[in-house]
Every structure is written in structure tokens, then in C-alpha cells.
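Novice: Let me give you the structure first, and then I'll get to my questions.
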Protein chains: 2
Amino acid sequence: MAKEKEKEKEKDVTIYDLANELNISVATVSRALKNDPVVSKKTRKKIFELAEKRGYRTNPFARNLRSGETKTIAFMVHELNSTFINSVLSGVEKIVTEAGYDLIIAHSSESFAKEAANAKNLFDKRVDGVIASLSFDTKNLDHFKPFFDRNVPVVFFDRVEKGKGNTVVVIDNYKCGYEATQHLIEQGCKRIAHITASLSRNVYSDRYRGYKDALYDNNIEPDESLVFIGDLSEETGADAAKKFLNMSERPDGAFITNDFVAASFIKKIKEAGLRVPEDVAVVGFNNDAIGHLIEPTLTTVNYPGIEMGEVAGRTLINHLKGVSDLSKINTIIINSELIIRESSVRKK
Amino acid sequence: MAKEKEKEKEKDVTIYDLANELNISVATVSRALKNDPVVSKKTRKKIFELAEKRGYRTNPFARNLRSGETKTIAFMVHELNSTFINSVLSGVEKIVTEAGYDLIIAHSSESFAKEAANAKNLFDKRVDGVIASLSFDTKNLDHFKPFFDRNVPVVFFDRVEKGKGNTVVVIDNYKCGYEATQHLIEQGCKRIAHITASLSRNVYSDRYRGYKDALYDNNIEPDESLVFIGDLSEETGADAAKKFLNMSERPDGAFITNDFVAASFIKKIKEAGLRVPEDVAVVGFNNDAIGHLIEPTLTTVNYPGIEMGEVAGRTLINHLKGVSDLSKINTIIINSELIIRESSVRKK
């Protein structure tokens, strides 16, 4: 098998083969394949036809040795099996593909160590640029330093480290957290739970600050026992529901930073015989499709993954093309909004 | 900016620079960087330290020119914004990354023309192997011929063209369709609707054959007016519900080849005042998380995307390693099973 493959490799058609077969100079073949008008249309046609017939391919590595470009962009994420990351990927892919770049993806499974190893591998692979979202426990950006040192552009999205002169594409998580909580207060909620993930990550700490500030501004004392930190799995929603149902003084509202977790939470609350929103009003986050398919339909924060991906992709590509300069862009904030549905609106 | 980048590129550290700075021969540096024990441990350590300090990177292109390998695998799919494709990708990524390969992804947005263009681009990029799932309207595999001709291994999954000597990883869609329909018949359904996508694609035509054969085997005459073909969007479910609700003789069961479509269908059926499963029993497909979060919980076919991705990835990698030979593998069938929940079980 290996031998057979070797034989095939040896048979790779070169421009020398084409030149030889057509009895034309190698320089002419090379020019023709670049569609240089110096070569007559007729000759170019002849060369193209033979190239196709013989299965000639340009040698991207030889080309790359000259240009120094690999025409690849790295997409580094914490998790692939996520609706949100998926929609970002879909937006990024659209933009970079249109610009003629390929996408290499690497995911860290929420591990800082794996993220650092991925960064090293992609640096060695000489990607032309990086689009990245950090893992739960990434504390600094030292592992991105080789890219920074070599002026390989990096755009961070969603989960980022701010204020270090790097470019980030985010939503205003503080504002989202504030508005979601304010909305629950306006619906009459007095004890509002918060179900979220690691507060060492910007997206969750910002939403948490928004949640707390909305409480303060409405003269409600934040209660740490109402904050539940999980890993955003469905179990997180079920476990949080279980904890809160067992409290002597139960929460009457919940701001949950993920729609699937919210759906799982609501399911358990209803199974326990409580009503949503009458007994517990709920706001989710992400505007996943699940939100309008469950009962009651879910109030949520619209968090446009595809747009975020498109903006991150376009920002990187424009830098690579020299149209704009990443070093001048610190933060790009994507619009987000509260979508009010049944799960939070109390009939008064 | 561009100029600055150019300058950086010129400063790329070579093994000559390292040899020069340490006053050691280039051959010794080269050997040391490959961790060759011929070079003393002390010298290797010295060279490694300087290499790291100076930001030395191996030149993958130079290496690739010799080995002929790019250490990249192409992942070609019809859609990225899909829970199922997402879970397959996650399985593939795990396996190929462990084996030291990178993944380049390309998606066709369900267009045959774009799929063909992607194939050409990836062939020119000289990927070492391909994992692919075909678009709705792909009719043949001519666009994969360049890979076949050059012995670049291709593994197809899920949406495939069968019986052409190519390797496919699938579930037994016929059996799944048969069992889902048989189950609805056993629950007392007499008029069973089928909501699905383009019957020119194997997965849907196979499920449809299973559906029809189950009806025949139970002496129920298939009724073409009960078959609804859509694009598997949420609208498909809503539109199908609307159509069936307007029929004088309504269906009393529905086998739907996608859980999100099923959730959307159930929502509309309930909004019209009918009960699921009492008036219309429903079976979905995919075992998406949504299935156990809606009411009633959804009977579905467990269709393990991650496993399918892992098997496709492992099959390809084993071929590349010479451990197994793709040309001897025609079809790999992944286990699948009917998961019975509330949406189909009628209280008798």
C-alpha cells in the first residue's frame, strides 16, 4: 500500500513534463499557467488543456516558499460541539473562503494546556492569521506571544482577555446582564437566581457584574446563595433547579447564561409542579432555536454568532489585505438585544 | 504595515543563524533539532534553548517538499450550522488531531457547484485525505475523481453515493425508517405522514423506502399526499403541520427525519388544539438535545454523530498509516436505535 502511494507521488506532473510534451519552453508554460497575456491565447489554451488532461497541480509549497504565505487561517476554540461556536464558525468560514483562505480548526476542550499546545502547532504551521476564543481557565495570553512577536494577526472573539492591545470582537455582556436582570425586576421578581459558568472568563464575569449592578440599582441585596456556577451542560440546569427547589426561600426569577441550560432548568421546575413564569420567571441567553420551541417560549438575549464570525473574519482579512490595521482596533462590539417571550412575562 | 510585515518575514530565524551564533556546524544543529542522540544532551539542550529564544520554527513547506505530505485532512460538508454535522466534526477533529493532522473545512451550502469547486481547491492544496458528506443535489462523484486517480483516500459519511467502490460510513437508514414507522403502526396509527428532505439523497430515500415497506407489510396503502418534502428548516415543520391540519382526512401519526423539524411540527399541532400523541403520534430523527426538553418529550432515532465522526476519522487515519486499506472497505454501518419517549406512546 505504502509503496503504491509512493509510486503515485513520483508520477506528479511538473511544468517540465508539460513543456517537454508540447515542445515549448518551461518559461512559456509557467507564464501560460499564470494566464500571462504575453503567451498567445492559442498556446495558453493548449497548455491548459494538457495540464488538465495530465492532472497537473500547482505546487502550493513551492509557491509558499516564495510568498511566505500559507493562505490558511487558524480557528481556535474551546469547544466545537456548541450551537454558538458552530454559528460563529459558519460566519468565519464564509468570509475567509471568499477571500481565498482555508480554515484550520483546533479546539481545546476547555483546557488551557491544550490551547497552548494548539497555538504552538499552528504557529509552526505558519498560519497567516488566527481567530480565537479562549477556554474556561485561560488566564493570560503568553501562548499567543509568538504570533504577536511575528506580527501574525490575531482576532479574539467572545471569550477574550481585554485591554492588552489585542483586538477583540464581543457583545456588551455587562449591558446584557444588566438588562436581563432589570427586566426580571420589572416583572416583580425579588429573589433572582443567576446560573452561569466560570467567573474567571470575561463573558460570565461581565454578565455577573451587570446582574449585580441591576440588583443594587433596584435596592435588592445580592445573595451569593442564589448564584450557581456550572459548566453550561444540561446537567447544570437540572442541578441548579434541584438546589433552588430545596431552598426554604426559593428564587422567583432566574437569569441563565445559556438557552439549553435554561430549557433544562425550566423542565425541572415544571416537573416539580411550579409554574414558569408565575412562580419562577426565566431569562436565557444566546437565542438558540430551542427557545421558541419549548413551553413557555424562552425570553433570551439575541447573541448573533454568525454576525460575530463574519465580523471577526472580515477584520482579519482586511488586515491581511492591508485595507485596515488591527493594531488600531481594540474592541468591536456587536449588537445584542433582549428578546422577550413567555417565560419571563408575568400576567399582572 | 505591509512593509513592516515584510521586514519581519526577512528576519525568520534559520538553522544557519543558530549554527552561526553557537559556532557549531549546521549539520549538528539540524540533527539536534530532530533530537538525534548522536548530538550530546548538553549540546542539544543549548541548541533547543537558543532556538526557543530566537523564535526558530521548522519550515513545514521545506519539509513537505521532501515528504510529499501536507499533514492536513479535508472535511467537506453541506452545512456547518447543523447540530449533527457539528457533532461529526467534533468526532473527526478528535481523531485526526491525535494523529497529528490538521483539519481544513469547506462547506457547500447544499450546492453541488460549490462542492465541486471546494473539491478542486482541496485537491490543489494537496490534502492527504478527505472526509465528505454530499450536498442535497450531488448526483455523481466525478468531482472526486482527481482524488481517486491520485490515490488520495476519501471517506464519505452520512450522505453518500453507494456502490461505486468508495468507502462510506453510514447508519442503516432503511432499517431506521422501517422501525420508526412500525412503531407508529403498533401505537395504532393508520394514516402516517412522512416529513423529510430531497429523496434524491440516500439518507432520505432509504428512510422513505423503510417507511413505505413498513406500511406495505402492515397492509396500509402508502398515500403520496401524506409525504411532505422540505429543506429540514423549522419552517418545514410548521408548513407541513399547516398542510396536514387542512386535510379533510388528517394523519394520525408522523415520522419526521429531523428532531428540530419535529419540534416545530409538534408546536403547531398543539397550537391548533390537537394532542400529541393522542391525536397525532410523532417520531423524530437524530436524538438532538431538544428532544427531551420539549413537551411531550420526543421519540427519535439515535444517530450518533460523534461516533460517526470518530469512525470516519479513524478509518482514514488507519489507511494513511498503512494499518488498513480503504480499497477493501466498502461500507461501515454505525449502530442506531429507536428511543421511545412520550410523543409516540398512546395510552390505550
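Derivation of every value follows stated rules applied to the coordinates shown; laboratory data play no part. A quick note: this is a predicted structure, and the numbers were derived from the prediction, not measured. With ideal geometry, Cβ positions are generated from the backbone for all residues, glycine too; neighbour counts draw on all protein chains shown.
Novice: With a ≥ b ≥ c the root eigenvalues of the C-alpha gyration tensor of chain A, is it rounded (a/c under 1.5), prolate (a/b larger than b/c) or oblate?
Specialist: The shape class here is prolate.
Novice: Suppose R0 equals 30 Å. What FRET efficiency, 1/(1 + (r/R0)^6) with r the Cβ-Cβ distance, do residue B:69 and residue B:335 give to the nearest 0.05?
Specialist: My answer for the efficiency is 0.35.
Novice: Sort shortest first the distances from residue B:53 to its counterpart in every other copy, using label points 7 Å along the Cα-to-beta-carbon line, and give them in nm.
Specialist: 5.9
Novice: FRET efficiency for residue B:36 and residue A:109, Cβ-Cβ distance as r, R0 = 41 Å, nearest 0.05?
Specialist: For residue B:36 and residue A:109, the calculated efficiency is 0.80.
Novice: Between the label point of residue B:117 and that of the same position in each other copy, find the distances and list them shortest first in nm, with every label point placed 7 Å from Cα along the Cα-to-C-beta direction.
Specialist: 3.7
Novice: Rounded to the nearest 0.05, what FRET efficiency is calculated for residue B:149 and residue B:13 with R0 set to 35 Å and r the Cβ-Cβ distance?
Specialist: Once rounded, the FRET efficiency stands at 0.30.
Novice: Could I ask something else about it? If you take the square roots of the eigenvalues of the alpha-carbon gyration tensor of the protein assembly as shown and sort them as a ≥ b ≥ c, do you get rounded (a/c under 1.5), prolate (a/b over b/c) or oblate?
Specialist: The shape class here is oblate.
Novice: Return the average number of partner chain Cβ atoms within 10 angstrom of each residue Cβ along peptide B:90-96.
Specialist: Counting other chains' Cβ atoms within 10 Å and averaging over B:90-96 gives 3.
Novice: At residue A:324 and residue A:116, where each label point lies 7 Å from the Cα along Cα→Cβ, what is the point-to-point distance in nanometres?
Specialist: 3.3
Novice: Using a 10 Å cut-off around each Cβ, can you sort B:340, B:131 from fewest to most neighbouring Cβ atoms?
Specialist: Least to most surrounded, the residues fall as B:340, B:131.
Novice: How high is the relative contact order of chain A, in percent, with contacts defined as C-alpha pairs under 8 Å that are six or more residues apart?
Specialist: The value is 17 percent.
Novice: Between segment A:270-330 and segment A:85-158, what is the separation of their alpha carbon centroids in Å?
Specialist: One Cα centre to the other: 20 Å.
Novice: Label residue A:54 and residue A:279 with points 7 Å out from Cα along Cα→Cβ: what is the distance between them in nm?
Specialist: 7.8
Novice: Placing unit charges on C-beta atoms (Lys and Arg positive, Asp and Glu negative, everything else neutral), compute the dipole magnitude of segment B:173-303 about its Cα centre in debye, rounded to 20.
Specialist: Dipole size: approximately 80 debye.
Novice: If we count other beta carbons within 10 Å of each Cβ, what is the order of A:152, B:38, fewest first?
Specialist: B:38, A:152
Novice: Still on this structure: About its Cα centre, how strong a charge dipole does the protein assembly as shown have in debye, to the nearest 20, once Lys and Arg get +1 and Asp and Glu get -1 at the Cβ?
Specialist: Once rounded to the nearest 20, the dipole reads 2720 debye.
Novice: Another question, if that's okay. Placing a label point 7 Å from Cα toward Cβ, how far apart in nm is residue B:231 from its equivalents in the other copies, listed shortest first to one decimal?
Specialist: Nearest first, the other copies' label points are 3.7 nm away.
Novice: Something else: Where a ≥ b ≥ c are the square roots of the eigenvalues of the C-alpha gyration tensor, would you call segment A:173-303 rounded, which needs a/c under 1.5, or, failing that, prolate if a/b is larger than b/c, or oblate?
Specialist: rounded
Novice: For the protein assembly as shown, build the charge dipole from Cβ charges (+1 Lys, Arg; -1 Asp, Glu) around the Cα centre, then report which of A:264, A:72, B:30 sits farthest towards its positive end.
Specialist: It is B:30.
Novice: What 222 nm value per residue comes from the helices of the protein assembly as shown, counting each DSSP H run with n ≥ 4 as -39,500 (n - 2.57) and dividing by all residues, nearest 500 deg cm²/dmol?
Specialist: Calculated at 222 nm, the ellipticity per residue is -13500 deg cm²/dmol.
Novice: Right, here's the next one. Using the charge dipole of the protein assembly as shown (Lys, Arg: +1 at Cβ; Asp, Glu: -1 at Cβ; taken about the Cα centre), state which of A:131, B:127, A:202 has its Cα farthest towards the positive end.
Specialist: The one lying farthest along the dipole's positive direction is B:127.
Novice: Please rank A:170, A:227, fewest neighbouring Cβ atoms within 10 Å first, as an exposure proxy.
Specialist: The order, fewest Cβ neighbours first, is A:227, A:170.
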